[in-house]
Amino acid sequence: MDVLDLIGAVTGYFGAIGSGLWAGAHLFFTLSNLLAVFGGVAIGCLFGALPGLSITLSVALVMPFTFNMDPLTGLSLLTAVYVGAIYGGSISAILFNTPGTPAAACTTLDGYALTQKGQAGKALHMANWASMVGDLTSTILVILAFPLLAKVAIYFRSPEYFALIVFSITVVGGVAGRSMLLGLIAGILGFLFSTVGMDPVQGYGRFDFGSLELLSGFSFVPLLIGLFAVPEFMRQFVRSGRSDASVAIAAETGAGDDNHLTWREFKASFRHMVRGGVIGLILGVIPGLGATPAAFLSYEQARRNSRHPEEFGHGSLEGIAAAEAGNNGVNGATLAPLLTLGIPGDVVTAVMLGALLIFNLQPGPMLFVTHADLIYGLFCALLVCDVALRIVGIAFIRVGRYVTRVPTGYVFPLILVLCVFGTYSINNNIFDVFVMLSFGIGGLVMERVRLPVVPFVIAFVLGPMLEKGLRRSLVISDGDPMIFLHSPIAVGFFILTILAIVTIVRSRLAPPNSSKA
Amino acid sequence: MSFRRTREFAVPVALLGVCAILAGWLIPSHVTVVGGGNGLSPRFFPYVLTAALALLATMQLASLFRGEAGEEDSEVRSPVLEAPDYVAALSLFAYFAAIVVIGMVPASFLALAAYMRCFRVKSWWKVLVYAAAVTAVLVVFFQVAASVQLPRGMLGRALW
């Protein structure tokens, strides 16, 4: 291949992306889609700003409302809620030292310090800009790399899928809980619950006890809403019993000014935002890691590269920029393994997988062939989300402090009733409501015995895919398990699995101080 | 053995019990035998998972015996579920039972009002107005706009 061929190939590659984006833009730019994005970001900001209402819960609660929508509108709404919720978490983190989401925990380090100095407005504006720039950076990189990823994904067959899922659940189980063993146990339990109902290869009933409802298996959304919403409701219910008056979600703070960010401050932090976006992209692609480690890693890198590292932890705008760009950088990245391979990297993308299946869209390499315009439309939605994040974010900077003062007595009963209506509406089946409540109590028990919920949920989604990968591979090889070692991709994932186990076990055995060096 | 240690040991022991029930009774009784051959029947995958779960539970038990459990904190000294948790769980199932008996709309109105009172919203008129408004909005959205047939309950079906 000479230079001209190479230039031709590169030009063709980017030309295809350009024409794909053009087609996607034609599909996306309708009033309903724009309303879905702006409305979704606002809903996400609202949920993200309320401590206790997780990003997952906000996406899961919105999901039943998308079933009557056009697929692109529904997916755009879910994506926008996700993007908005990650940013929303920073509002209560900065104003009240209470991260609205785990991903915003890093933002409290400098955000609340600035609030105490009377510079809350400056911190909120910086968080908003950093969220936008971090998300935009990773989204653009995902768009540029996506066709390449889709081409690689075509080489995935049953043994490769099996190896990839084993790798995914090992990483998710390893990093989710306090102990890798407990994380993996939660994952296996998730796989076991996914076997209830018809088996995915031959269609025979399993563990149905003669019940038609159980023969269909547990629906994903009731299980998800139950595991995330009901335990939080029960916690708040118990907490309310210990106080005499209805309590606000977060305590009031004295600092309430709205000072603005200067161009110089923005410019000094810009490189940390871009770096944070790239870190978010890299960590977002790896299943199970998600926004929280991305925020902390980005923060640490910014501290090392800053001219004023001594300010970090005491009200550094660069620290806020790095943390927020890092946690927002995962937004686009988590979609890459979902859309190319059908493998959700975290619980939110597991919800998105459920939505895709409800819209009769099978994620995987063929999605890029059969529904390229939809994928590029979704990328357009992600880009518009960044614009919406800025516009809606400015409004939320002003109203956020009031939102977090809403008494729990109004919020949590509403959330519970919404969960019941939303769950019922999925299949018009009261059994789903019972499933939601049962899994909710199960989720509380899991939490108390330190079994992490996230590996359980992801394993539940991936269970049928894992079983198909295992059983089909063994059928092809006439029962010979060596088929898994004949594929270089599968072997690669098995090696990565072993490396992940070694790395996670070593990091857990290392003394706590060694990581701070 | 302290309470905390008992609780930590109880989890893997319970999981081993679940594995025994699965392998000895649930899988043979509730999974059809077809496919045979290379162990590829619908029973194959649940058996693999049960074996993996038993292995992990045994490893967890072994690590507890070796004293590799995490640091002690106040959270693990309490029982898995305390009395207020049971009250919360029972209230949820009472809500579910009310949906089955009187229908989703009246049950949700009552649940909203009751929970708001439990959450210490003291003003009755605020509770009633809020519960009525939320219920009305949900009915309009789900039943009218999205054409979802909300369950009327045994009482609702008997009356109309």
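Computed values, structure above
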{"item": "Under-5 Å amide H pairs with B:V31, H placed in peptide plane, nonlocal only", "result": "A:F207"}
{"item": "R0 of 60 Å, Cβ-Cβ distance A:W263-B:S63: FRET efficiency to nearest 0.05", "result": "0.65"}
{"item": "Average silhouette area of region A:1-123, convex hull of alpha-carbon atoms, in square nanometres", "result": "11.3"}
{"item": "Local net charge near B:A107, Cβ-Cβ under 15 Å (Lys/Arg +1, Asp/Glu -1)", "result": "+2"}
{"item": "Cα centre as origin, Lys/Arg/Asp/Glu Cβ charges: the protein assembly as shown dipole, Debye", "result": "1020"}
{"item": "Residues of type lysines that A:K122 reaches as a straight line, Cα spacing below 24 Å, ignoring anything fewer than 8 places off in the same chain", "result": "A:K267"}
{"item": "Inter-label distance, nm, simple model (7 Å from Cα along the C-beta direction), A:T503/A:R157", "result": "2.9"}
{"item": "Computed lengthening from B:Y47 to B:R120, 0.36 nm per intervening residue step minus Cα-Cα distance", "result": "21.3 nm"}
{"item": "Descending Cα extents along the principal axes, region A:328-421, whole Å", "result": "48, 33, 19"}
{"item": "Amide H contacts under 5 Å for A:M198, placed H, 5+ residues apart", "result": "A:R206, A:G217"}
{"item": "Estimated distance in nm for a label pair at A:V10 and B:V137, the labels positioned 7 Å out from Cα along Cα-to-Cβ", "result": "5.4"}
{"item": "Chain A, Rg to Rh (Cα coordinates; Rh as Kirkwood inverse mean 1/r)", "result": "0.96"}
{"item": "Exposed trypsin sites (Lys or Arg not before Pro) absent - longest run of chain A, DSSP non-H/G/I/E/B, at most 10 other C-beta within 10 Å", "result": "A:1-241"}
{"item": "Whole-Å distance, taken between Cα centres, linking region B:95-160 and region A:475-491", "result": "55"}
{"item": "Neighbour net charge for A:F191 - beta-carbon separation under 14 angstrom, K R +1, D E -1", "result": "+1"}
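FYI, it's all coordinate maths here, none of it is from the lab. Here the structure is a predicted model, which is why all the values come from computation and not from measurement. Glycine also receives a Cβ, built like all others from the backbone with ideal geometry; neighbour counts cover every protein chain displayed.
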